[in-house]
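Please read the structure below before turning to the comments.
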Protein chains: 2
Amino acid sequence: MNKLQRDRGAGRVKISDVAKAAGVHTSTVSRVLNAKTFGRISPEVVDRVVEIARGLGYRPNAVAAGLRTNSTGTVGFIVHDIDDPIYPPILKGIEEALGESGLMVLLGNAGYAPEAEAELLERMAARRIDGVVLATARLRDPLVDRCLDYSLPTVAVVRRPELTVINSVVNDCALGMREIVDLVVSYGHRDIAHIAGPQGLSTGRARLRGFSAAMSKAGLVPDLRHLRFVDQPTIEAGHAAAGAILDEGEPRPSVIVCVNDLVAIGAINACRKKGFDCPGDISITGYNDIPLAGLLNPPLTTVHMRLQEIGRRTGLRMLALLSDNNSEIAVERVRPELTLRQSVARIS
Amino acid sequence: MNKLQRDRGAGRVKISDVAKAAGVHTSTVSRVLNAKTFGRISPEVVDRVVEIARGLGYRPNAVAAGLRTNSTGTVGFIVHDIDDPIYPPILKGIEEALGESGLMVLLGNAGYAPEAEAELLERMAARRIDGVVLATARLRDPLVDRCLDYSLPTVAVVRRPELTVINSVVNDCALGMREIVDLVVSYGHRDIAHIAGPQGLSTGRARLRGFSAAMSKAGLVPDLRHLRFVDQPTIEAGHAAAGAILDEGEPRPSVIVCVNDLVAIGAINACRKKGFDCPGDISITGYNDIPLAGLLNPPLTTVHMRLQEIGRRTGLRMLALLSDNNSEIAVERVRPELTLRQSVARIS
DNA sequence: TTGTAAGCGTTATCAC
DNA sequence: GTGATAACGCTTACAA
């Protein structure tokens with residue numbers, strides 16, 4: 001018995017111990033303990049082995065099994081920042097779906113650094129994950145190519161690469177944006193400002209596309225002085241962008257449609273600072289429905305993404321991929337829900 | 001070559017392939033590729049092997065190594081609900097600390113079900129995690145005993161068992177509560193109500209203890225009609241508890257000190273509903289400093305827990321435990337920060 | 001400094 | 001229905 005064994009392996013009972021105690025061969029024990037093969041063993045032996053295994057306190061060693069079967073029952077999940085509130089519900093949904101099949105999630109927090117993403121993928125690949133979920137996919141993403149190279153079952157979630165080279169599950173961003181524009185139009189708004197997000201991400205693009213589509217449909221032409229882009233969709237950026245729009249002077253927009261809730265919060269603050277009341281003077285909409293969005297002042301009218309459902313479907317898709325890697329590649333869009341609160345006023 | 005190999009193992013280059021190509025033995029390659037042993041190999045060989053490994057696209061197989069070394073470089077993290085905003089920053093901190101050493105986190109979302117916690121631990125143990133972080137520890141917790149049984153390096157975070165049987169890193173809950181009570185006392189409040197949390201958790205207990213201590217120190221005796229307990233620290237429970245306090249009639253408390261922010265939000269809503277302005281008529285304090293707490297109406301005066309730092313120290317402690325399982329067991333308390341905003345008024 | 005050989009715990013394959 | 005055997009890819013005494 002060497003040092004390693006003493007450290008923690010000592011006394012650990014293994015399949016061969018159970019076999020010895022039960023007077024059967026190790027392969028028999030293995031078959032008893034495996035859902036797929038225990039049907040081929042006689043009931044009496046099954047009972048005896050199970051009982052003895054329990055009695056001995058046998059715990060399966062998934063890493064040994066994994067070495068043999070080339071499958072670890074573990075899926076990687078790479079995010080920019082787990083502290084960003086959009087990820088936890090997705091993660092929860094993924095776990096919910098995978099957990100049913102006994103799979104577990106190995107987390108990787110990349111912190112917006114592409115090299116970190118690559119490093120994490122490397123570490124996960126070394127651990128022989130069965131598949132990986134990417135919440136970081138850019139429109140064209142070397143990490144996605146890497147996954148393809150490894151022929152690693154991969155699903156993109158929330159964001160997706162421009163070319164449909166991998167499966168993905170996303171919020172229907174364009175739809176949500178169309179619906180919220182339709183809403184403000186139906187409330188009588190005509191001069192509609194828009195603060196758009198980064199165009200390097202599928203979400204930013206889809207939302208802008210949805211905005212444009214809804215404007216056209218309503219026969220409205222966006223005033224270019226009232227269209228702004230932010231590099232990072234943050235409170236600060238929203239504040240600055242909204243400030244710039246208001247500084248353009250008359251005619252002022254009656255509503256600012258924002259790419260997300262944080263930008264909307266920034267915009268509300270900017271309005272307030274310049275003496276405009278929201279929604280009295282200017283209405284503002286968000287997107288995402290972050291926690292507590294309904295408790296802000298004013299409660300934010302926004303688009304609720306069903307993130308946990310998105311995560312759940314991602315997990316399901318991963319499961320499908322794992323059992324049949326040749327199935328067709330698809331993009332799944334989950335319909336968001338318009339969430340009406342008080343930050344949009346009707347105008348006459 | 002069997003089916004499994006074809007599935008994904010096919011073409012994977014292994015240490016023996018590198019060895020063959022480099023004209024050395026596999027053990028030499030192994031030594032070159034391991035940080036601890038590559039110093040023992042001649043520089044020329046190191047260079048050649050490294051180059052060839054790279055050229056062949058060699059990727060280490062951590063599961064094979066793990067089987068041999070009995071160590072997976074993976075740490076489990078079990079939480080109640082990853083969607084509860086206190087966990088992501090902790091997770092981030094843990095990852096930050098562990099990542100430096102190349103370790104990764106395997107997540108387990110238990111959903112408040114003790115059986116689920118046990119099941120997750122089982123799955124993690126099967127995967128031979130090197131250690132586990134428990135964010136779910138109750139005062140007396142069978143799961144903790146289980147970890148001890150497995151002699152699995154274990155660290156409790158945020159909550160901790162009553163007996164110091166395992167290492168833990170927690171917020172200094174009592175201190176934060178004392179400070180916030182000191183604050184309201186210094187603002188002139190004397191009739192101080194308190195909505196306390198569940199007493200089955202170390203956090204709930206510590207906060208109540210802090211409240212009592214600060215009251216005594218100030219020479220104040222809590223009015224028992226103004227002391228309430230909630231089973232779940234939620235907005236709804238806070239609403240109900242605050243409502244009950246207000247229904248007690250005169251004399252009304254001038255401030256309600258709440259066990260956490262959600263309860264405080266519920267309390268604010270309850271006050272408003274009964275026609276009391278916060279902080280005009282009644283001041284209210286929270287605890288936790290959840291995201292956007294500063295954007296509520298009114299912005300919440302609360303206690304900010306340095307959760308990421310707590311997570312980081314948890315990771316560090318795990319690392320220490322992993323390199324020396326015999327070190328002394330300790331409780332580490334991280335000092336929170338009083339966060340003054342507008343939900344507490346000075347009274348004359 | 002490098003090679004030899006055994007072994008980590010499991011399961012797949014083949015035989016009976 | 002069960003047993004024997006080899007193999008998964010790596011690390012590590014021990015030997016040279």
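The values are calculated or read from the model by the stated rules, or taken from the named source; none is laboratory data. This one's a predicted model, so the numbers in the text were calculated from it and none came from an experiment. Here the Cβ is made from the backbone with ideal geometry for all residues, glycine too, and neighbour counts use every protein chain on show.
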**Asked** Within region B:297-331, can you find the residues that are closer than 30 Å to B:Ile192 by Cβ and in contact (Cβ under 8 Å) with a residue 40 or more places away in the chain?
**Response** B:Pro298, B:Pro299, B:Leu300, B:Thr301, B:Thr302, B:Val303, B:Met305, B:Arg306, B:Leu307, B:Glu309, B:Ile310, B:Val331
**Message:** If a residue counts only when it is in contact with a Leu (Cβ under 9 Å, 6 or more places away or on another chain) and under 30 Å from A:Glu100 (Cα atoms), which helices (runs of 4 or more DSSP H) contained entirely in region A:221-338 have at least 3 such residues?
**Reply:** A:307-323
**Asked** Can you spot a residue in region B:130-138 that is modelled with pLDDT of 95 or more, within 16 Å of DNA strand D (Cβ to nearest atom) and surrounded by fewer than 24 Cβ atoms within 10 Å (Cβ to Cβ)?
**Response** yes
**Request:** Write out, first by first residue and then by second, each pair whose Cβ atoms fall under 7 Å of each other, whose residues are 6+ apart or on separate chains, and whose first residue, in region A:219-238, is over 19 Å from A:Arg252 (Cα atoms) while the second is exposed (fewer than 14 other Cβ atoms within 10 Å of the Cβ).
**Result:** A:Ala237/A:Asp231
**Message:** Within region A:90-102, take every residue that is more than 9 Å from chain B (Cβ to nearest Cβ) and more than 18 Å from A:Ser202 (Cβ to Cβ) and give me the one that is surrounded by the fewest Cβ atoms within 10 Å (Cβ to Cβ).
**Reply:** A:Glu100
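Residues are listed down the side, and each one gets a yes or a no for (1) within 10 Å of chain B (Cβ to nearest Cβ); (2) at negative phi; (3) free of Cβ contacts under 8 Å to residues at least 12 places away in the same chain; (4) of a type in the set (Asp, Glu):
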site: A:Glu117; (1), (2), (3), (4): no, yes, no, yes
site: A:Arg123; (1), (2), (3), (4): yes, yes, no, no
site: A:Arg127; (1), (2), (3), (4): yes, yes, no, no
site: A:Asp130; (1), (2), (3), (4): yes, yes, no, yes
site: A:Asp145; (1), (2), (3), (4): no, yes, yes, yes
site: A:Leu148; (1), (2), (3), (4): no, yes, no, no
site: A:Val155; (1), (2), (3), (4): no, yes, no, no
site: A:Asn171; (1), (2), (3), (4): no, yes, no, no
site: A:Leu175; (1), (2), (3), (4): no, yes, no, no
**Asked** Being facing another protein chain (nearest Cβ under 7 Å), over 15 Å from B:Thr314 (Cα atoms) and not polar (S, T, N, Q), is that true of even one residue in region B:41-57?
**Response** no
**Fill in**
B:Tyr87 fails exactly one of (1) at pLDDT below 95; (2) at the interface with chain A (Cβ under 10 Å from one of its Cβ atoms); (3) on the phi < 0 side of the Ramachandran plot, namely (1)
**Asked** Can you name every residue in region B:236-255 that is touching a Gly at 6+ places or on another chain (Cβ under 9 Å) and not small (Gly, Ala, Ser)?
**Response** B:Glu236, B:His239
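Here is a yes/no grid of residues against (1) within 27 Å of A:Leu292 (Cα to Cα); (2) more than 27 Å from the chain's Cα centre (by Cα):
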| position | (1), (2) |
| --- | --- |
| B:Val158 | yes, no |
| B:Asn171 | yes, no |
| B:Ser186 | no, yes |
| B:Pro198 | yes, no |
| B:Leu208 | yes, no |
| B:Ser212 | no, no |
| B:Ile245 | yes, yes |
| B:Gly249 | no, yes |
**Complete:** Scanning region A:248-279 for residues that are among the small types (Gly, Ala, Ser) and modelled with pLDDT of 95 or more gives A:Ser254, A:Ala264, A:Gly266, A:Ala267, A:Ala270, A:Gly275
**Positions within region B:58-103 being of a type outside the set (Ser, Thr, Tyr) and within 16 Å of DNA strand C (Cβ to nearest atom), in sequence order** = B:Pro60, B:Asn61, B:Ala62, B:Val63, B:Ala64, B:Ala65, B:Gly66, B:Leu67, B:Arg68, B:Asn70, B:Gly73
**Request:** Scan region A:15-43 for residues that are closer than 20 Å to A:Gly57 by Cβ, of a type in the set (Gly, Ala, Ser) and near DNA strand C (Cβ under 8 Å from one of its atoms) and jot them down.
**Result:** A:Ser16, A:Ser30
**Request:** Just name the residue that is farthest from the other protein chains (Cβ to nearest Cβ) out of those in region A:280-295 that are at pLDDT 95 or above and over 19 Å from A:Met177 (Cα atoms).
**Result:** A:Asp281
